[in-house]
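Down below is the structure, laid out as structure tokens.
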Amino acid sequence: MKKVITYGTYDLFHQGHYNLLKRAKELGDYLIVGVTTEHFDEARGKVNVVDSIMKRIENVRSTGFADEIIVEDHQGQKIEDIQKYHVDIFTVGSDWVGTFDYLNQFCQVIYLDRTPNVSSTQIRKNNFKIVDIGIVGTGRIVPRFISEAKYVSGINICCTYNPELDSAAAFANRHDIENFSGDYDEFLERVDAVYIASPNETHYDYTKRALEAGKHVLAEKPIAFTKEESEGLYNYAMTHGLVLMEAVKTAYCPGFQQLLNVAKSGVIGEIKDVEACFTRLAAIDSRERTDADFGGSFLEFGSYTLLPAMKLLGTDFTDVNFKTIYGEDGVDLYTKVELTYPNAMATSKNGVAIKSEGNLVIAGTEGYILAPSPWWLTKRFEVRFEDENKVEFYEPPFQGDGFRYEISEFVLKINGGEKNAYKLTAKEAIAMADITERYMEHRAQNI
Ligand code: CTP
């Protein structure tokens, strides 16, 4: 009996998939089809898969060609499967020519002609209008956003804005972006949505004007320096059916979602203390270390280090306390924030000129979770207990530098309306703006 194996995502099942499976079956007597898990797809950078694995498996099954369906969830599994199932032929579509030649040492490899003019990516594009996105600002973070956006389908970076037209032009040219503008209103007319990555003090104004022009907004943190401003923006977005997301990328990383779920599962008992630290020694002449008004450690990292407390202990803290070490020119070099809750506490530590261990520790009545640096991308974490021999290790999937998850969420929200809860809710974002406002007051008093 000749055994054939093939693999795919089979998202939004289409004629190309059907033809491929039919021809794969015709190559032998017994066809095994491997369907990828969501985690494996994410790990490969496919973050916009629409159908669940159950639905994708069901669609493959209903063709009647598969004698056996298996799940593919890790790199290297193809070799394992070929040996385990005694496979004679491995086959995939011609878009993969060359990629799987290494399997020739285990079985025959056949690339079948791909059906022209159909793909899941194309159907996703047709089902969901491509979001034309404009970028405000041309700073260091923007090239990272652009390269990560390539992994998210349904998005087209079409325009860049900088009040200095020459900078906008040079940036658009360097990054192959079609249009550029030095006039914000004109820029807004060209786009469906904006990503705002301009200096901190301009986020609020750009966000407000974009929302008022009916555009969805993904804005770098902090969106606003006061609770009232933040509330105003989120209320406006909500009442006008617009997506407003603060770019705290940790909130969207799959590993952070998993960490929250583990923490909330009760495995460490009741959560009593959340301690998060994020420090990076910024260049001596950088904005972070020279701008006493809008640079400094809290405004740089506070959104990250407060996030775990907001997610796990909530927004009803009863007291907030700040301690800051200032540079000679009044720049916030290191800030420690202490939050008091009725039955718990939290600490956030931030540094741009003082280096510390970048840990996240969540302490509970039965044990604790330790996520080492870079916990803000949550590549791994451990659950530990009094008995030091009892440790649970987690290594969630993580690709790129974390941006793609945030961008993918932004596009999903724009396409899917209110279906899913926001991963960073308006309530949490407003509470963080409230803390930012108190921080600004603390700083004004101490300088
Ligand atoms: N396939 C094909 N003809 C097409 C599309 C896909 O023969 N027009 C084949 C692929 O080569 C692969 C299998 O179908 O062997 C599963 O492909 P999958 O990656 O799930 O589908 P795509 O439509 O290529 O998905 P995407 O656009 O997300 O890459």
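Assorted remarks:
- Boolean, T63 is among the hydroxyl-bearing types (S, T, Y) and closer than 30 Å to I177 by Cβ: no
- Residues satisfying the stated conditions in region 411-447, i.e. among the β-branched types (V, I, T) and modelled with pLDDT of 85 or more: V411, I414, T425, I430, I435, T436
- Hey, G182 in contact (Cβ under 8 Å) with a residue 60 or more places away in the chain and under 29 Å from Y236 (Cβ atoms) or not: no
- Residue within region 12-20 that is over 32 Å from the mean Cα position of the chain (by Cα) and surrounded by 20 or more Cβ atoms within 10 Å (Cβ to Cβ) present: yes
- Given (1) more than 9 Å from the ligand (Cβ to nearest atom); (2) outside any helix (DSSP H, G or I), index of the condition F145 fails: (2)
- One residue from Q108, Q122 being out of contact with any strand residue (DSSP E or B) (no Cβ under 9 Å at 6 or more places or on another chain), more than 21 Å from Y206 (Cα to Cα) and free of Cβ contacts under 8 Å to residues at least 24 places away in the same chain: Q122
- P308 vs. criteria out of contact with any helix residue (DSSP H, G or I) (no Cβ under 7 Å at 6 or more places or on another chain), surrounded by fewer than 20 Cβ atoms within 10 Å (Cβ to Cβ) and touching a residue at least 12 places away in the same chain (Cβ under 8 Å): no
- For M245: the one exception among (1) touching a residue at least 60 places away in the same chain (Cβ under 8 Å); (2) surrounded by fewer than 21 Cβ atoms within 10 Å (Cβ to Cβ); (3) not aromatic (F, W, Y): (2)
- Whichever residue in region 109-142 is surrounded by fewer than 16 Cβ atoms within 10 Å (Cβ to Cβ), more than 16 Å from the ligand (Cβ to nearest atom) and of a type outside the set (G, A, S) and, among such residues, is nearest to the chain's Cα centre (by Cα): I141
- Residue under evaluation K78, criteria (1) part of a helix (DSSP H, G or I); (2) under 23 Å from K2 (Cβ atoms); (3) more than 15 Å from the ligand (Cβ to nearest atom), criterion not met: (3)
- Here region 255-302 is the region considered, the condition is being touching a residue at least 60 places away in the same chain (Cβ under 8 Å) and among the basic types (K, R), and the residue that is farthest from Y204 (Cα to Cα) is K272.
- Identity of the residue in region 10-57, part of a strand (DSSP E or B) and more than 17 Å from S119 (Cα to Cα), that ends up farthest from the ligand (Cβ to nearest atom): Y30
- Exclusive hit being modelled with pLDDT of 95 or more and out of contact with any Gly (no Cβ under 6 Å at 6 or more places or on another chain), set S62, S52, S120: S62
The values are calculated or read from the model by the stated rules, or taken from the named source; none is laboratory data. Source: prediction; values computed, not measured. No Cβ is skipped: glycine too gets one built from the backbone with ideal geometry, and neighbour counts run over all protein chains shown.
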